[in-house]
Structures are given as structure tokens and as C-alpha cells.
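*Asks:* The structure follows.
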Amino acid sequence: MLPTSLAASTGSKSIPTAHIVAAFVPGSYSDDTICTNMSLRTSKISNAKPFASGSAYVVSIGVDCDDGEYVVSLAVPLLKKNDSDESDEPHHIKTANGKTVTEALRKLDAKTDKTLFYGQAKLLVLGDSLLEQADMTSSVIQAMKNKNEIDLRINVLSTNGKAIDILQAKPPGETLPGLFVADIYRNKNKFGGASFALDLERLASSYGDGAIIPMIKLDDCESTPIKLDGAIVIKHGRMIGALTAEELQGYLWCKSHGTGGAVVTVDMDGHLTPIYIKKHSAKVSFEPQGKGIRATVNVKIVGQVEEPPAKHVCEEQIKHQLKEKITREMLLTASRLQDEYAIDGYDWLELLRKKNYGLYKAHSTNWHDVFSEIEIVPKVAVEFS
């Protein structure tokens, strides 16, 4: 459905500044020792350079924009400079200016005493100042795709502030800035909120027209200073709005396996009841309706009541409340995507092509208008184990 080309002409307009932040693994080991406490990942290409002595891992990358030129910032805990350096404070901020992302990265590599190795990067965070600039963001995405060391499976998150602040966030006692946030998907529930994994390859294929990018935010909680919360909405290559945590949950109900492992709370007459979602599936079927389309979203949930409400209620009442909650959230999100943003964040055009090619041929040329008028019918089934 969505164009894969990210090329965009900047014309005579000035290009905003871009801050690129990368975090590295520090330690008290020698230059010839690599970090052994990280899980290794295969690079996207077979001829990627292997990690070598004198190199340093990039585990997280953040990108921001500012003031009319590219300003690239690197979070660089790295290895300790020498055995006499007993400081526990990581030296993790470096900056460089450049007219392109590539130029800025090259300057940073020249300013760093280690060779920067991107093959193990797990996370790319995009700041809101960057996401407001369509041309600049598409350039960043293209540059990341073209850098051979970077795995296309790298997870991408947006933030409502500066990406550099997200990479620097760490709880008390945590010694690895950048690595802390890089492992956010290892156990995303500890960071709270509904979310999903979006990799660079999928984002690049949809970014030019429309995309939903999960959001990470700073939190006031000292033990977990960041949280997964809502999502950024992209249209025509730039940020046009956001989904709240509840609206993102409504979006995820429509995506198969979108909320497996989540804990959902329902209100039973003032008594909050947490329910662990053990299994979740969603299947969408399409049928013609007049000149348009009806989409039926069949959602099946297998859950487990984590904590019975203080007030006695039967299991069927809890099931009913959960079904009502899921249906309400699905319709709320659909309304935002159809009426306010007018983008197919579900990627239903591609699904329609696979499931009903006749309907696809009839409506693909004016899909954005058709999508806004689709009747969405949620059908939710809940079981408790």
C-alpha cells in the first residue's frame, strides 16, 4: 500500500540540525577485550565487518533536530581510557556538525579513539523535533538503512522530547547508559504501557505515506525513569499527531499477537481488576457494503484474572466488562485514524490485496478516501484459564 521510496527534495529550504546519539558499552577491560555480557546478533549482510580489537559497540542510536544544521551527538560510555582512569562517570557525550548524516557520523568516528561498531545496535530513538521534519527524517532512515553494519531488525521508537534524554536515562545503580534503554524489549512490561516492536525495515517501507511509531517517554519514577506510552502518527513523512496509551491499546487489539503478555485493568463498579492476557489473536475479514467496505475484526482473548475484585462478582461479569473495554478502545482508535488522521495505520490495503483481490482492485486507487468510510465491526470473544 505504501511507497517504499523515502527520497524527498529539500529545494532551497535550510535543513534542520540533526542530533545523533549513540551509546556504547563501558567497562574496566582492555582494548583487546569485547563485551561478553551482550547477546550477539547477526548483521543484515554477510560481508559486514566483524567486531575487532580497538572497536566499541554502538547499542543505541538517537536522533534529534535543531537550528538549521546537523548537530550529531554521541553517547559514548566506551571502554575506560586507561588503567589509571578511576572515574565511574562515563564519558558518553560527543558532538559534531555536518551537512549530511554521513558527514556527521564520519566526524564522530574521527573524534573517537575507538572504531565505532554498529552491528550490535538494538534501538533507534527518533526525537519529536526530527519527526516534524519530513525530509530530514527520511534522510536519517535512508542513512541508517544504507549503513552496512546496522541490522534492519533494529527496533525503532519515537519520543515526545529529545532522543538524547531517553538514551541517558537510567535507574540508580545502573552503570550502562544507553544499554539500559536498548534492552527495553527484553521485558517491556517493566516499563509499563502498551507497545509493540517496529523495526527499521518495516518503518522504511511505510514511512513516506503513513506509519504508527511506538513512543517512549521520560517518567518521574526513580526506579524506571522511562516508560512505553502511546505512539506517534506519521503521514506524508512527518509527525501529525499521537495516540494515547489507551488508543494505542485499541490499535493493538486489531493486530494479531499485539497485546500478548500485557496486563489489562477493568473497573468492576469501582473495584479495579487486573487481567493478564495470555493469548491474543485478531483476524480481519472484508466484504462489500454499498459503494464501500465493511471490515469485521474478530478478536479472541485468553486471559487470567490476576487479582479478584474486592467486591464479589462472577466470572461472566468480568468477561463482559473486558469485552466492552476492548470494543470501546478499538472503536476509539479507529475513529482517530479514520476521521482525524485519515491514514490506514493498520495496513489493511495490503491485507485486502491478499484476502479479496476483487475489492482491492476496485478500491486501491482511492484507498485513503475508502478507508475513512469503512464500517469497522469489532467482534470480541473472551475466555479465562
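*Asks:* Got a sec? Charge dipole of region 242-385, +1 on Cβ for Lys and Arg, -1 for Asp and Glu; which of ILE343, TYR357, GLY250 is way out at the positive end?
*Replies:* Toward the positive end, the furthest listed residue is TYR357.
*Asks:* At a 10 Å Cβ-Cβ cut-off, how would you order ILE374, ILE226, ILE234, fewest neighbours first? Present the calculation step by step, with values, prior to reporting the outcome.
*Replies:* Details: ILE374 19, ILE226 23, ILE234 27.
Least crowded to most crowded, the residues run ILE374, ILE226, ILE234.
*Asks:* Under the 0.36 nm per residue contour assumption, what length would be gained going from the current alpha-carbon distance of VAL313 and TYR357 to full extension?
*Replies:* Working: separation 44, 0.36 × 44 = 15.84 nm, distance 4.69 nm.
The span from VAL313 to TYR357 would gain 11.2 nm if fully extended.
*Asks:* Using Cβ contacts closer than 10 Å as the measure, can you line up THR137, THR102, THR273 from fewest to most?
*Replies:* Working: THR137 25, THR102 14, THR273 21.
If I rank by nearby Cβ atoms, fewest first, I get THR102, THR273, THR137.
*Asks:* Over 30 Å between C-alpha atoms is what I'm after, so list which of LYS235/LYS319; LYS145/LYS227; LYS99/LYS162; LYS145/LYS325; LYS147/LYS170; LYS227/LYS278 land there.
*Replies:* Values: LYS235/LYS319 37 Å; LYS145/LYS227 27 Å; LYS99/LYS162 20 Å; LYS145/LYS325 39 Å; LYS147/LYS170 28 Å; LYS227/LYS278 22 Å.
Beyond 30 Å: LYS235/LYS319; LYS145/LYS325.
*Asks:* While we're here: Given VAL264, VAL313, ILE277, which one lies farthest toward the positive end of the charge dipole of region 251-384, if we put +1 on the Cβ of every Lys and Arg and -1 on the Cβ of every Asp and Glu?
*Replies:* ILE277
*Asks:* Which residues in region 302-332 place their backbone N less than 13 Å from a point set 7 Å from the Cα of GLN289 along the Cα-to-Cβ direction?
*Replies:* The answer is 331.
*Asks:* All other residues with a Cβ under 11 Å from the Cβ of TYR70 taken together, and with Lys, Arg as +1 and Asp, Glu as -1, what is their net charge? Show your work: numbers first, answer last.
*Replies:* Details: positive: LYS99, LYS107; negative: ASP64, ASP66, ASP67, GLU69, GLU103.
It works out to a net charge of -3.
Just so you know, all these numbers are worked out from the coordinates, no wet-lab data involved. Here the structure is a predicted model, which is why all the values come from computation and not from measurement. Glycine also receives a Cβ, built like all others from the backbone with ideal geometry; neighbour counts cover every protein chain displayed.
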